[in-house]
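Report on the following structure.
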Amino acid sequence: MKLEGKRKIWNEYQKEIADDKYFYVRSCIRQAVFPGSENTYLRIMRDVLKKDVHESAHHTTCTGIGYHTEVVPFETIQTVVARNFALMREAGYENYTPSCVTSFGIYTEVLDTWHHFPEERKRTAEYLKKATQRDFQEPGNMAHTSDIIYKFRHQIAEKSKYKLINKATGLPLKVVDHIGCHYAKMFPAKGIGGAEHPHVLAGLIEAFGGEVIDYPERRHCCGFGFRQYFIKANRGYSIAASKKKFESMEPYQPDLILTNCPGCNFFMDRWQYALAEMEGKTYDTKGNGIPVLAYEELAGLMLGFDPWEMGLQMHQVGIETLMDKIGIPYNLNEKYKGAKGEDLGVPESPRNINFYK
Amino acid sequence: MGQLFDKLNSDVRFVEGINGCINCGTCTAICPAAEVYDYQPRTIAHLVQTRDDSIIENLLKSDTIWYCGECMSCKTRCPRNNAPGLIIQALRKLSIETGLFVESEKGRQQLALKRMLSDTIIETGYCVHFDHTTLDMFPEQGPMWQWVQDNREAFLPKVGANYKGNGPGAMRSIPQSDIDELRNIFEVSGGLKWMETIEEHSAKKAKEMGLEIGEGKSSEYFTEVYNRNNHAKHSRK
Ligand code: SF4
Ligand code: SF4
């Protein structure tokens, strides 16, 4: 295909992303499991890129996980979404940037519903008024936080201390991406590259000099499945889907798995540990497992942030192998220290996956 | 056309979810649920198209509608722009409203999900709260997580968390006035009624099964629905 034709197709998969003045909304899962990841995003935005990012202490869960497990009805989640939108306008912002991909999917679904079914919007506005006395307006712009990092990827790369290059060989590191299903599968036009040509993470990998590996099950779900993970009886669904992905990427021996969804970041990490304990197998050749990072964790690492202040020790699969390959120095003595430098002991080692302490 | 079909058809997600299925099976081919369960989204789209109430009632009572993971991969790929995942959401809503969800093993899990998620939402303002991510419920968190849980007060500030603190930040305590607003939203928009419906039908079922429903996450019925897995019935044949 001629380059011009390619560009034309590619244009259909671009989206408008605001340049500054963002209203930031946290993810329940990301802040509970990888709180340092969200903190890293804010440090990059405020300290490195000098952007105005506002966080309201009053925003709540969007209730998305409750909605997708059918314990929260559609009418309720629409009203909670409207409340978070109201808080944004009250704070004087109009660019909405959620950290969670499930939430991002919820917001796109709700906005699309209001567009196609105005009576749903009308009822939501009435419920919101009655319950909270608030009025809302849709965001002027909405982007997932991985979209924002994508937008500024070249600026971040320019300021970075490190690259995704193997220090010993000088070759690019091999990176597989895994994009959360609700980022673009429901509304492909809302994601960079749509659902079929995912570029939101690939663009970041390329900006840092890494090699993007297009593995066969790249678009398969991580297996969260909401109820399929939360209920112990169903968890086989979840681990089986992740296993399918690990088996598919194994032949390429990736150095890193990169994610944009907090749930996926969790499952890609924890199911490697669980599979190692259950089956004695890791998907690298050295018993370490494949490190897993979110876009903001990777950007922080490239910028030279301290890995333990970013909370990278909260991954069960160690990130040390990646840091060793790149040549990022780290101090294992600091890994398990407290905020005031106190000695907190060290976690127990898993049986079948190497652990650095 | 029957009453149940009319109810389905009044759900905007159902209207969006089905435009005419040609039974091509593309959705089944990419569905992660179809990989592990005796489940085909193609069949779901096909069955609701019959508009037959007895067929729909059977679906509402079945394990089948609870197998989907709502990943929405089917929406991307369907050549007719259907979304079996959205049809499933409408069917599940109706199964809860009619109380038929307690007639299947997977449907009965709603009680556990309600207590794990919606109760947490209206108590804390979070879907998932750090304090609830314990290894007895989620053993795959691994020994590192036990260490984090044990050392939360001393460790979490190091990674920038504002654990149970005031003001913004990760893991902050959400102000009571905001929790009150959230509760009001649940009251006004039918969320509390939905939660009560799940509890009421589950209580009746628990009695029928001779199990104590209790409160919270340690009752006999909670333990049963959280752990019970008739693998031979559910798994892909
Ligand atoms: S992909 Fe669409 S048309 Fe094909 S079977 Fe599934 S729902 Fe029907
Ligand atoms: S939404 Fe449900 S039916 Fe559709 S692909 Fe995902 S698991 Fe399968």
If you scan region A:300-335, which residues turn out to be open to solvent by less than 10 Å² (accessible area, probe 1.4 Å), over 20 Å from A:Gly170 (Cα atoms) and assigned to a helix (DSSP H, G or I)?
A:Gly300, A:Leu312, A:Gln313, A:Met314, A:Lys335
Counting only residues that are open to solvent by less than 50 Å² (accessible area, probe 1.4 Å) and more than 8 Å from every other protein chain (Cβ to nearest Cβ), region B:186-210 contains a total of 8
Looking at region B:85-95, which of its residues are within 16 Å of ligand 1 (Cβ to nearest atom) and either outside the structural domain of B:Ala34 (by TED's automatic domain parsing) or open to solvent by less than 10 Å² (accessible area, probe 1.4 Å) (or both)?
B:Gly85, B:Ile87, B:Ile88, B:Gln89, B:Ala90, B:Leu91
Considering region B:96-114 alone, what residues qualify as being within 10 Å of another protein chain (Cβ to nearest Cβ), touching a residue at least 12 places away in the same chain (Cβ under 8 Å) and open to solvent by less than 10 Å² (accessible area, probe 1.4 Å)?
B:Ile96, B:Phe101, B:Lys106, B:Gly107, B:Gln109, B:Gln110, B:Leu111, B:Ala112
Does region A:210-222 contain at least one residue that is surrounded by 24 or more Cβ atoms within 10 Å (Cβ to Cβ), touching a Pro at 6+ places or on another chain (Cβ under 9 Å) and at positive phi?
no
Hey, could you check region A:343-357 for residues that are exposed (fewer than 12 other Cβ atoms within 10 Å of the Cβ) and part of a loop (DSSP other than H, G, I, E, B) and say which is nearest to the other protein chains (Cβ to nearest Cβ)?
A:Gly345
Does B:Gly20 satisfy the criteria of being within 13 Å of ligand 2 (Cβ to nearest atom) and part of a loop (DSSP other than H, G, I, E, B)?
no
If I filter region B:149-171 for residues that are in contact (Cβ under 8 Å) with a residue 40 or more places away in the chain, more than 16 Å from ligand 2 (Cβ to nearest atom) and out of contact with any strand residue (DSSP E or B) (no Cβ under 7 Å at 6 or more places or on another chain), do I get at least one hit?
yes
I need a count of the residues in region B:155-185 that are more than 7 Å from every other protein chain (Cβ to nearest Cβ) and aliphatic (A, V, I, L, M).
1
Positions within region A:20-58 being away from chain B (no Cβ under 11 Å) and either open to solvent by 10 Å² or more (accessible area, probe 1.4 Å) or not β-branched (Val, Ile, Thr) (or both), in sequence order:
A:Asp20, A:Lys21, A:Tyr22, A:Phe23, A:Met45, A:Arg46, A:Asp47, A:Val48, A:Leu49, A:Lys50, A:Lys51, A:Asp52
State yes or no: is A:Tyr252 aromatic (Phe, Trp, Tyr) and more than 8 Å from chain B (Cβ to nearest Cβ)?
yes
Please work out which one of (1) surrounded by 24 or more Cβ atoms within 10 Å (Cβ to Cβ); (2) within 8 Å of chain A (Cβ to nearest Cβ) is the condition B:Asn82 fails and give its number.
(2)
Of residues in region B:21-68 being touching a Gly at 6+ places or on another chain (Cβ under 6 Å) and more than 16 Å from ligand 1 (Cβ to nearest atom), the one farthest from B:Asn229 (Cα to Cα):
B:Asp53
Within region B:1-20, residues being open to solvent by less than 70 Å² (accessible area, probe 1.4 Å), more than 14 Å from chain A (Cβ to nearest Cβ) and more than 8 Å from ligand 1 (Cβ to nearest atom) number 3
Out of the residues in region A:99-141 meeting the condition of being more than 22 Å from A:Gly66 (Cα to Cα) and either in contact with a strand residue (DSSP E or B) (Cβ under 8 Å, 6 or more places away or on another chain) or assigned by TED's automatic domain parsing to the domain that holds A:Phe224 (or both), tell me which one is most open to solvent (accessible area, probe 1.4 Å).
A:Gly140
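The values are calculated or read from the model by the stated rules, or taken from the named source; none is laboratory data. This is a predicted model, so every value here is computed, not measured. With ideal geometry, Cβ positions are generated from the backbone for all residues, glycine too; neighbour counts draw on all protein chains shown. What goes into the accessible areas is simple: the full protein's heavy atoms, side chains included, and nothing from ligands, DNA or RNA. Shrake-Rupley method; radii C 1.70, N 1.55, O 1.52, S 1.80 Å.
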